[in-house]
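Engineer: First, the structure itself, so that you have it in front of you.
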Amino acid sequence: ATTQTTNIGNTNSGSVGTGGTVGVDAITLPQYPRPEVAINANNFAGLVVSGAASSILIQGLAVYNATDGISVSGGAGTSNTIRNVLAGTLADGTDPVGALRNTGYGISISSPSTYTVDKCYVGWNGQSGILGVSNLSVLTVTYNEVFAGGWNSSGHDGLDIDGINGTVQYNLSYNNTNNTGTVNHGSGDGLEMGSTSYGGNGNNLVENNTLTGNVSAGILIKNGANGNTIRKNLVYGNPFGIIVAKQSSTANANQLTMNSVYGNTNLGIDLTADANAIPDGV
């Protein structure tokens, strides 16, 4: 979408976003350029990539009034990028309000693809802001601001990431909720990692993110999310800090290190064997 601004300049100039820093290392979070092109999806998916499509670049759009803003499914494509997209907001970065909000995901990647989601502003989506649900996807999720998602669901979160060999760095995920607006373990978390069918070593790195003000946990690790490294994250102002849950399969060999976990209502880190991921205390 940015190609049409080459000669005339962007008629929707300006930026949106919180800015500031994220993570223990205080990494600078960018603000996001307001796009000139918006898709009003009329309650359909805003933009769909299907099959084994590769070398796709989606850049410089706002997508609202959709089921899913951007939906990727159906094949093992590689070298794909979604960048500088406002997923769930109007082109000026504001709340579409009511029926114009996306009812599903802001960005949904459900195929075993290789994708980078970078510098996107993702808010007010009914389900997860950014969903990477394939067990074999390789996702790089960086410098995104994800907020106020999950209001239409009892099972989704701000960032909801599965897959292998991925990187989740330098994101701000805050004020994500669910359809009750109360603690519901398995929804309303800043970041959820979990897979019921992948039993190997996930080898994902979750580093230098900030997760705050979410209705459940800052980070929930569950359902066979094994062999991941969770480090240097700021986790504060949530009912629970980090929950590692057995649920239907055991989350094993995840390293939690150098995180700053403070100011949460309950335990900073709770390891629980409860089948519903309900924290069980010390």
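Engineer: Within the stretch 134-145, can one find any residue that is of a type in the set (F, W, Y), under 19 Å from L205 (Cα atoms) and not in a strand (DSSP E or B)?
Structural biologist: Checked the stretch 134-145: at least one residue is of a type in the set (F, W, Y), under 19 Å from L205 (Cα atoms) and not in a strand (DSSP E or B).
Engineer: Quick one: Y32 ticks every box in (1) touching a residue at least 40 places away in the same chain (Cβ under 8 Å); (2) out of contact with any Cys (no Cβ under 9 Å at 6 or more places or on another chain) bar one, so which box is it?
Structural biologist: (2)
Engineer: Continuing with the same structure: Please work out if N203 is in contact (Cβ under 8 Å) with a residue 12 or more places away in the chain, closer than 26 Å to A53 by Cβ and either in contact with a Pro (Cβ under 9 Å, 6 or more places away or on another chain) or not in a strand (DSSP E or B) (or both). Steps first, please.
Structural biologist: Details: in contact (Cβ under 8 Å) with a residue 12 or more places away in the chain: yes; closer than 26 Å to A53 by Cβ: yes; either in contact with a Pro (Cβ under 9 Å, 6 or more places away or on another chain) or not in a strand (DSSP E or B) (or both): yes.
Against the criterion (in contact (Cβ under 8 Å) with a residue 12 or more places away in the chain, closer than 26 Å to A53 by Cβ and either in contact with a Pro (Cβ under 9 Å, 6 or more places away or on another chain) or not in a strand (DSSP E or B) (or both)), N203 qualifies.
Engineer: Residues being in a loop (DSSP other than H, G, I, E, B), open to solvent by less than 10 Å² (accessible area, probe 1.4 Å) and among the small types (G, A, S): count how many of those fall in the stretch 83-92. Can you show your working first?
Structural biologist: Just the residues of the stretch 83-92 that are in a loop (DSSP other than H, G, I, E, B), to begin with: 84-85, 88-92.
So of that shortlist, the ones also open to solvent by less than 10 Å² (accessible area, probe 1.4 Å) come out as 85, 88-89.
Cutting the leftovers down to among the small types (G, A, S) gives us 88.
So the count comes out to 1.
Engineer: Something else now. Somewhere in the stretch 184-191, is a residue at pLDDT 95 or above, acidic (D, E) and not in a strand (DSSP E or B)?
Structural biologist: Scanning the stretch 184-191, I find at least one residue that is at pLDDT 95 or above, acidic (D, E) and not in a strand (DSSP E or B), so the answer is yes.
Engineer: I'm trying to understand the selection: among the residues of the stretch 58-82, which are surrounded by 17 or more Cβ atoms within 10 Å (Cβ to Cβ) and either touching a Cys at 6+ places or on another chain (Cβ under 7 Å) or in a loop (DSSP other than H, G, I, E, B) (or both)?
Structural biologist: Result: G60, N65, A66, T67, D68, G69, G77, I82.
Engineer: For the stretch 207-270, which strands (runs of 3 or more DSSP E) that fit wholly inside it have 3 or more residues that are surrounded by fewer than 22 Cβ atoms within 10 Å (Cβ to Cβ)?
Structural biologist: On the way: elements: 210-212, 217-222, 229-231, 234-236, 240-245, 255-257, 260-262.
Filter on the stretch 207-270 gives 255-257, 260-262.
Engineer: When the residues of the stretch 7-44 are filtered to those that are small (G, A, S) and more than 18 Å from the chain's Cα centre (by Cα), which remaining residue is surrounded by the fewest Cβ atoms within 10 Å (Cβ to Cβ)? Steps first, please.
Structural biologist: Of the stretch 7-44, the ones small (G, A, S) are 9, 13-15, 17, 19-20, 23, 26, 38, 41.
Those left that are additionally more than 18 Å from the chain's Cα centre (by Cα): 9, 13-15, 20, 26, 38, 41.
Values: G9: 8, S13: 10, G14: 11, S15: 12, G20: 11, A26: 12, A38: 20, A41: 18.
Within the stretch 7-44, the match that is surrounded by the fewest Cβ atoms within 10 Å (Cβ to Cβ) is G9.
Engineer: Scanning for something open to solvent by 40 Å² or more (accessible area, probe 1.4 Å) and more than 24 Å from E145 (Cα to Cα), does the stretch 185-193 turn up at least one residue? Quick ask: steps written out before the conclusion?
Structural biologist: Narrowing the stretch 185-193 to residues open to solvent by 40 Å² or more (accessible area, probe 1.4 Å): 185.
The next check asks that each one be more than 24 Å from E145 (Cα to Cα); those that pass are none.
Within the stretch 185-193, none of the residues are open to solvent by 40 Å² or more (accessible area, probe 1.4 Å) and more than 24 Å from E145 (Cα to Cα).
Engineer: For residues in the stretch 143-175 being of a type in the set (V, I, T) and open to solvent by less than 20 Å² (accessible area, probe 1.4 Å), which is modelled with the lowest pLDDT? Can you show your working first?
Structural biologist: Taking the stretch 143-175 first, the residues of a type in the set (V, I, T) are 146, 161, 164, 167-168.
After this cut, where a residue has to be open to solvent by less than 20 Å² (accessible area, probe 1.4 Å) as well, the list is 146, 161, 168.
Values: V146: 98, I161: 93, V168: 98.
Checking each candidate, the answer is I161.
Engineer: Looking at (1) more than 17 Å from G93 (Cβ to Cβ); (2) assigned to a loop (DSSP other than H, G, I, E, B), which is the only condition S13 fails?
Structural biologist: Result: S13 fails condition (1) only.
Engineer: Just to be sure I understand, how many residues within the stretch 115-142 are of a type in the set (S, T, N, Q), modelled with pLDDT of 95 or more and open to solvent by 20 Å² or more (accessible area, probe 1.4 Å)?
Structural biologist: Of the residues in the stretch 115-142, the ones of a type in the set (S, T, N, Q) are 116, 125, 127-128, 134-135, 137, 140, 142.
This time we only want the ones that are modelled with pLDDT of 95 or more, so: 116, 125, 127-128, 140, 142.
Next, only the ones that are open to solvent by 20 Å² or more (accessible area, probe 1.4 Å) stay: 116, 127, 140.
Qualifying residue count for the region: 3.
Engineer: Within the stretch 46-56, is even one residue touching a strand residue (DSSP E or B) at 6+ places or on another chain (Cβ under 7 Å), modelled with pLDDT of 95 or more, open to solvent by 50 Å² or more (accessible area, probe 1.4 Å) and part of a strand (DSSP E or B)?
Structural biologist: Scanning the stretch 46-56 turns up at least one residue that is touching a strand residue (DSSP E or B) at 6+ places or on another chain (Cβ under 7 Å), modelled with pLDDT of 95 or more, open to solvent by 50 Å² or more (accessible area, probe 1.4 Å) and part of a strand (DSSP E or B).
The values are calculated or read from the model by the stated rules, or taken from the named source; none is laboratory data. Predicted model only: the values in this text are computed from it and were never measured. Positions of Cβ are backbone-derived with ideal geometry, glycine not excepted, and every protein chain shown enters the neighbour counts. Only protein heavy atoms, including side chains, enter the accessible area calculation; ligands, DNA and RNA are left aside. Shrake-Rupley method; radii C 1.70, N 1.55, O 1.52, S 1.80 Å.
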